[in-house]
1. Taking a cut-off of 21 Å between Cα atoms, list the lysines near LYS115, but don't count ones fewer than 8 places away on the same chain.
2. What does the highest-first list of 42-49, 8-15, 148-155 look like by mean Cβ count within 10 Å?
3. Apply the Debye scattering formula to the stretch 101-151, with a single equal point scatterer on each alpha-carbon and no solvent, then give log10 I(q)/I(0) at q = 0.13, 0.22, 0.29 Å⁻¹.
4. Computed over the Cα atoms, what is the radius of gyration of the stretch 99-230 divided by 2.2 N^0.38 Å, N being its residue count?
5. Would you tally the net charge around ASP86, using a Cβ to Cβ cut-off of less than 12 Å, leaving ASP86 out, and scoring K and R as +1, D and E as -1?
6. Between GLN165, GLN78, GLN117, which gets the highest mean-square fluctuation from a Gaussian network model of the chain, Cα cutoff 10 Å?
7. Provide, as a two-decimal number, the C-alpha radius of gyration of the stretch 124-169 over 2.2 N^0.38 Å, N being how many residues it has.
8. Of all the Cα-Cα pairs you can form in the stretch 7-225, what percent are over 29 Å apart?
Amino acid sequence: MSLERSIAIDGPAGSGKSTVARMLARALGYRYVSTGDLYRALALEILRQGADPYDEGSVVEVAKSVSVSVEPAPDGAQRTMVEGEDVTALIRSAQVDSIVSPVSVYPAVRAHMVKLQRAIAEDADVVMDGRDIGTVVLAESRCKFYLTASPGERAARRQRDYAAQGRQVGLNEVREEIAQRDMIDSTRRVSPLTVAPDAIVIDCTAMSPTEVVAAMMQVVGGADACSTQL
Ligand code: CDP
């Protein structure tokens with residue numbers, strides 16, 4: 001286990017990070033970690049407590065007082081817990097979608113989450129996805145990918161995810177929601193979504209998840225950094 005050997009995948013909403021990260025983790029025998037789920041769990045708790053997501057003090061207080069965690073699920077997916085309660089399904093609501101980026105901008109929240117995430121990667125080889133994994137959380141990783149796709153394709157993929165969860169949302173609405181989230185995520189002061197200088201950028205607009213994973217496996221197989229010698 002080492003932070004260098006772990007694999008970082010960043011990218012904007014709907015780029016397909018979680019699908020390919022999960023597949024890549026399975027192929028490598030690594031643990032899959034979605035860091036967004038930790039921020040989503042915090043957003044859920046803010047909603048439950050009726051705290052103001054735009055008040056930094058309140059959000060930081062909730063982040064520091066409530067235990068959020070993620071654990072591997074038997075099918076290679078991830079289970080998200082708040083104070084021991086399984087909230088995996090609850091963190092996918094429209095309400096969580098609408099406040100997760102605002103609560104993720106606060107520096108103290110990020111510092112707390114980065115600590116949790118690094119502790120996970122110190123304990124297991126991971127394929128970790130998020131917004132600041134290659135730049136901050138696993139800055140030492142020598143296998144970094146930045147996954148992106150056209151805004152139209154990302155919105156269409158996200159709309160299909162919603163449909164699978166039983167949420168029927170119009171394409172324009174989905175487009176707006178992810179554009180809004182991308183704007184907040186890429187312009188925040190601390191650890192904005194950006195391409196790490198040493199990341200490999202994959203535009204997967206016209207690629208299937210299997211093709212993306214095959215491309216990643218070539219890089220992983222060829223990179224000393226990702227070999228078992230490290
Ligand atoms: O919806 P999607 O799967 O693209 O996003 P997610 O990975 O579930 O992350 C939800 C939100 O959490 C993002 O839009 C960011 O605001 C925040 N996040 C973050 O700030 N840093 C991370 N490493 C991961 C997520």
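Since every read-out is calculated from the coordinates, none of them should be taken as a lab result. Source: prediction; values computed, not measured. Cβ atoms come from the backbone with ideal geometry, glycine included; neighbour counts cover every protein chain shown.
1. Counting by Cα, and skipping residues close in sequence, LYS115 has these lysines nearby: LYS64, LYS144.
2. Working: 42-49: 20.4, 8-15: 26.4, 148-155: 18.2.
Order by mean packing, descending: 8-15, 42-49, 148-155.
3. Rounded to two decimals, the profile gives -0.35, -0.88, -1.20.
4. On the way: Rg = 16.3 Å, N = 132, 2.2 N^0.38 = 14.1 Å.
Rounded to two decimals, the normalised Rg is 1.16.
5. On the way: positive: ARG79; negative: ASP37, GLU71, GLU83, GLU85.
Around ASP86, the surrounding residues sum to -3.
6. Its mean-square fluctuation being the largest, the pick is GLN165.
7. Details: Rg = 14.6 Å, N = 46, 2.2 N^0.38 = 9.4 Å.
Scaled against compact globular proteins, the figure is 1.55.
8. Details: 4872 of 23871 pairs.
Looking at the stretch 7-225, the distances longer than 29 Å represent 20 percent of pairs.
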